[in-house]
1. Test of understanding: among Ile37, Ile43, which residue is in a strand (DSSP E or B) and at pLDDT below 80?
2. Which one of these is exposed (fewer than 10 other Cβ atoms within 10 Å of the Cβ), out of contact with any His (no Cβ under 9 Å at 6 or more places or on another chain) and either hydrophobic (A, V, I, L, M, F, W, C) or in a helix (DSSP H, G or I) (or both): Glu6, Glu18?
3. State which residue pairs qualify: first residue touching a residue at least 12 places away in the same chain (Cβ under 8 Å) and inside region 31-44, second residue in a strand (DSSP E or B) and among the small types (Gly, Ala, Ser) in any location, beta carbons under 6 Å apart, and separation of 6 or more residues or different chains.
Amino acid sequence: MTVNQELQIMRTFDVPKETLFNMWTQPNHLKHWWAPIGFTVEINKYRVGVRRYFSLQPNISRWSNFVG
């Protein structure tokens, strides 16, 4: 049996849409909020238009990977 389930989470931010877009697309903003406290974000650009984001633990072992 196939079950189609959908989860939608919505949140409203009291900022201009341009500001919110910049928080997701500019590395200098993203590094301040992407990882949990105590973690760091290393941002590498592999080709034009594509960034790869890594959240790293203090001991530098890979914790999560997001490609966007």
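1. Ile43
2. Just one listed residue meets the conditions, Glu18.
3. Ala35/Ser55; Phe39/Ser55; Val41/Ser55
The values are calculated or read from the model by the stated rules, or taken from the named source; none is laboratory data. Only a predicted model underlies this, so the values are computations on that prediction, with no experimental measurement involved. All Cβ positions, even for glycine, are placed from backbone atoms using ideal geometry, and neighbour counts span all protein chains on display.
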